Amino acid sequence: MTNIIDQTSSLAALQSSQAQTAEKVQNLKESARLKNDEALTEAARDFEAMFITEMMKPMFEELKPDPMFGGGKGEEVFFGMMLDEYGKIMSQTGQIGIADSIKQELIKLQETKNVQEKPE
């Protein structure tokens, strides 16, 4: 029975992660379409945080809680939240630079799209 719960919670976590990713991609597209620089920066930063979080997950997969003081569903949920916060903190430092690259590429795409849309 424990295996079924673990598989169910793993599936729910995966679906939640996919929904968050899709939402962040949609936010990036909407910001680019509206040419809102502040929103574009924020969306790119959010995307970077999500990317970092996803890259860190395999690093922590093998860590198991001490059975005497930890474990359970609560720890599983809060562990995921902790990784999300780590991703946000790392993104805010700007040292990785993914957000800046994403923003610059979106600006280039905007410029290209604007040139193509203008009637001659």
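Worth a mention:
- Matching residues in segment 45-69 - criterion: being under 17 Å from Thr21 (Cα atoms) and aromatic (Phe, Trp, Tyr): Phe47, Phe51
- Residue ID - surrounded by the most Cβ atoms within 10 Å (Cβ to Cβ), chosen from residues in segment 55-75 that are touching a residue at least 12 places away in the same chain (Cβ under 8 Å) and charged (D, E, K, R): Lys57
- Once segment 76-94 is narrowed to residues that are in contact (Cβ under 8 Å) with a residue 24 or more places away in the chain and not charged (D, E, K, R), the residue that is farthest from Asp46 (Cα to Cα) is Gly80.
Laboratory data are not the source of any read-out in this text; all were calculated from the coordinates shown. Here the structure is a predicted model, which is why all the values come from computation and not from measurement. Neighbour counts run over all protein chains shown; Cβ positions are idealised from the backbone, glycine included.
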